[in-house]
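This report concerns only the one structure given below.
The values are calculated or read from the model by the stated rules, or taken from the named source; none is laboratory data. All values derive from a computational prediction rather than experimental measurement. Here the Cβ positions follow ideal geometry from the backbone for every residue, glycine too, while neighbour counts run over all protein chains shown.
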Amino acid sequence: MSGDDSGSSGGTGIGIVRTIVPDFVRKRFALKFLIVLLVMGLGIAAVGYVGTQQFSDHTRNQTEGEYRGLAAQESNLVSQWVETNRLSTRLASSEPAYTGDDGQKMANTLRNRMSEEMPSDVNAMHLVDQSSGDWEHVASTNVPPGTPVESGNRDWIVDETFAGTADVQISSVYRTSAGIPVVGFASRVNGTESRYLVVEVTTNDIGGQLQGADRAEDGFTTVVNESGTILIDERAETAEMSGGDATLENYGDDEIVDRAINLEISSDVVSDRTNQNVMDEEYAVGFAPVLVSGGNDWAVLVHAPTSVLFEDVESVTQSGMIATGMAVLLMLLIGAVLGYNTSSSMNRLKGKAQEMEEGNLDVDIQSGRIDSIGQLYAGFGSMRDSLKEQIDEAERARKEAEVSRAEAMEMSNYLQEKAEEYSETMQACARGDLTQRMEPEGENEAMDQIAQNFNEMLTELEMTTGQLKTFAVEVEESGRSVQQSAETVRDASEQVADSIQMISDDAYDQKERLQNISEEMDGVAGQLEDFADDNPDVDFGDSLDSIREVASMIEEAADLAEDTMSESENVAGAAEEQAAELNEVSSRAEELTRYAQYLGDGLGNFETEEEHEFVFQTGAGSPGPDDADDTNEPAEE
């Protein structure tokens, strides 16, 4: 309500309001409350007006929709009436008796068909012919034969566009000689070229079926053509009783006629029309086109006074506005009473708060109200009591704060001096002197704890650095030893490979010689066999067996030499692979030595105490760091 309150609710929206609202308004609660009431009243009035208007518009739209539907319904009724008479005329024109020359017979046929088969609103039927050059009646239900067609306002038949067509032609509304408004339907008689059946249908019956007067008091329906002439008037019967008839008179509103004739949708409505030629008061007119003779030549116009048609709408609007006004007045009245009481209480509380602001903490703050205003009074009273206690406590706290401030200054100076001392120690350690230590003094537990932890960290770091130095030296020496051993073994492997290669080469040569001897022994054995065959007296059996046995032994020796050569090549390959692996080991050992040297050079920049260093051996079965510290003497720096 206030708009001046601060806190979580003071968002962007309230900030904008504070900028816009003048200060003299923001300072007065009653004025702000009155403005809020007025705004709420205007809001309620606007909501009521909009709601009433929407309801009225909805009701009005429903009424207009019903009237638009009535226009379409009336249009369909007239269209069906025209179509029914057109089909009846077309069927009647197929009568064979209409093609003869017996006028009396044809007239009787017309009368019989009119009374038995034609619609009840057929006024007359005629057979007309142009065979003699002029249009004349050859038979009729009420016109003598030979009567010219032009008589009785039937000159529409003489139109040149009508002659020769086979379609049913429909005329506009005209009056017969008896003054009856009719619509003519003409269809050519089957089997003829110039004889037509003309059926005249009165419009009184279809006019009586229109429902404009039934929909609203003083309402009526008319059917007009494109020139604005009234063809069918629902009021015709009433007008005749009063001595007047609007049929075939001008409608008087060409704009509505044009819109109705050229309407592209099924129907439409105009609800606020004023034209003295049509009606003496404001009226609504629904309209829809009627398809006649293949085009939109006719239109149906349904009329009703707006005071009658929208009577319910006006009543609803008036009732809604009255109810809205009463609601606004009631809200303003109740709000004014509540606002006055609240403003009075707030002003009294404001005065007491000003006394407290001036220093009078003994002011009486009480209220008989138990609502939020009463609770606010109680809150101010509690605040006054709390202020008294807080002032006393503040005085005591001020004195205690002065003592604490002096102690804090003393402690701050001590901590600053100690921090500078510790900083120098840390800088020395950062430069590589790991023998530095911080000295706890027992003045501040946190600073002593820092010194103790830092000293323990340096001790561990110093021991670790000593270990790394010794380890780097041992790794460097071991790397050189491994490198030398690997190079020695590699040289021996290379010599073994060369020796085995020589053995393999000798074995290959021995195999070649043994194979040659074996082949020569086989040749000698063959020659001896040939000689034995030629000299059967000589016995070489034992000699040949010995030669063959020696050749077999030589061949076995050659195979053994070949196996020896293969094994020698395998051993030589293994020796070469071992030599290559030893090269890799030697390279890795050299690299490890180089890295260990770099590590030792880096660790040499740190200064440590001798008693903190210890050496531990490497390799399988060597003692751990703890054992090394017990069994090894401190290394010399």
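Per-residue answers, yes or no, for (1) more than 22 Å from residue 65 (Cβ to Cβ); (2) in contact (Cβ under 8 Å) with a residue 12 or more places away in the chain; (3) surrounded by fewer than 17 Cβ atoms within 10 Å (Cβ to Cβ):
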| residue | (1), (2), (3) |
| --- | --- |
| 265 | no, no, yes |
| 286 | no, yes, no |
| 289 | no, yes, no |
| 298 | yes, yes, no |
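Pull up segment 452-466, narrow it to residues that are hydrophobic (A, V, I, L, M, F, W, C) and modelled with pLDDT under 80, then point me to the one that is farthest from residue 601 (Cα to Cα). Break it down stepwise before answering.
Taking segment 452-466 first, the residues hydrophobic (A, V, I, L, M, F, W, C) are 454, 457-458, 461, 463.
Within this subset, residues satisfying the condition of being modelled with pLDDT under 80 are 458, 461, 463.
Details: 458: 20, 461: 17, 463: 17 Å.
Filtering first and then ranking leaves 458.
Residues checked against (1) part of a loop (DSSP other than H, G, I, E, B); (2) modelled with pLDDT of 85 or more:
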| position | (1), (2) |
| --- | --- |
| 193 | yes, no |
| 205 | no, yes |
| 213 | no, no |
| 221 | no, yes |
| 239 | no, no |
| 245 | yes, no |
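Being within 30 Å of residue 569 (Cβ to Cβ) and surrounded by 15 or more Cβ atoms within 10 Å (Cβ to Cβ) is the requirement here; does residue 547 meet it? Let's see the steps before the verdict.
Working: within 30 Å of residue 569 (Cβ to Cβ): no; surrounded by 15 or more Cβ atoms within 10 Å (Cβ to Cβ): yes.
So residue 547 does not fit the description; no.
Name the single residue, out of those in segment 45-71 being within 23 Å of residue 331 (Cβ to Cβ) and of a type outside the set (Gly, Ala, Ser), that is modelled with the highest pLDDT.
47
Checking the conditions here, which among 131, 93, 120 is closer than 20 Å to residue 180 by Cβ and among the small types (Gly, Ala, Ser)?
Details: 131 fails: closer than 20 Å to residue 180 by Cβ; 93 fails: closer than 20 Å to residue 180 by Cβ.
None of the other options fit; the residue is 120.
Determine if segment 503-516 includes at least one residue that is in the same structural domain as residue 572 (by TED's automatic domain parsing) and in contact with a Gly (Cβ under 9 Å, 6 or more places away or on another chain). Full working, then the answer.
Applying the first criterion (in the same structural domain as residue 572 (by TED's automatic domain parsing)) to segment 503-516 yields 503-516.
In the following step, the residues that additionally are in contact with a Gly (Cβ under 9 Å, 6 or more places away or on another chain) were identified as none.
No, segment 503-516 contains no residue that is in the same structural domain as residue 572 (by TED's automatic domain parsing) and in contact with a Gly (Cβ under 9 Å, 6 or more places away or on another chain).
Of all residues in segment 83-103, which are touching a strand residue (DSSP E or B) at 6+ places or on another chain (Cβ under 8 Å) and assigned to a helix (DSSP H, G or I)?
Selection gives 85, 86, 88, 89, 90, 92, 98, 99, 103.
Scanning segment 421-458 for residues that are in contact (Cβ under 8 Å) with a residue 60 or more places away in the chain and out of contact with any Leu (no Cβ under 9 Å at 6 or more places or on another chain), which turns out farthest from residue 585 (Cα to Cα)?
Of all residues in segment 421-458, those in contact (Cβ under 8 Å) with a residue 60 or more places away in the chain come to 432-435.
In the following step, the residues that additionally are out of contact with any Leu (no Cβ under 9 Å at 6 or more places or on another chain) were identified as 432-433.
Details: 432: 36, 433: 38 Å.
Of everything passing the filter in segment 421-458, 433 is farthest from residue 585 (Cα to Cα).
Condition (residue is among the aliphatic types (A, V, I, L, M), surrounded by 13 or more Cβ atoms within 10 Å (Cβ to Cβ) and closer than 30 Å to residue 560 by Cα) applied to segment 479-493: is it met by at least one residue? Can you show your working first?
Filtering segment 479-493 for residues among the aliphatic types (A, V, I, L, M) gives 482, 486, 489, 492.
Of the ones still in play, those that are also surrounded by 13 or more Cβ atoms within 10 Å (Cβ to Cβ) are 482, 486, 489, 492.
Those left that are additionally closer than 30 Å to residue 560 by Cα: 492.
Looking through segment 479-493, at least one residue is among the aliphatic types (A, V, I, L, M), surrounded by 13 or more Cβ atoms within 10 Å (Cβ to Cβ) and closer than 30 Å to residue 560 by Cα.
Which one is nearest to the chain's Cα centre (by Cα), of the residues in segment 176-192 that are under 17 Å from residue 85 (Cβ atoms) and among the polar types (S, T, N, Q)?
That would be 187.
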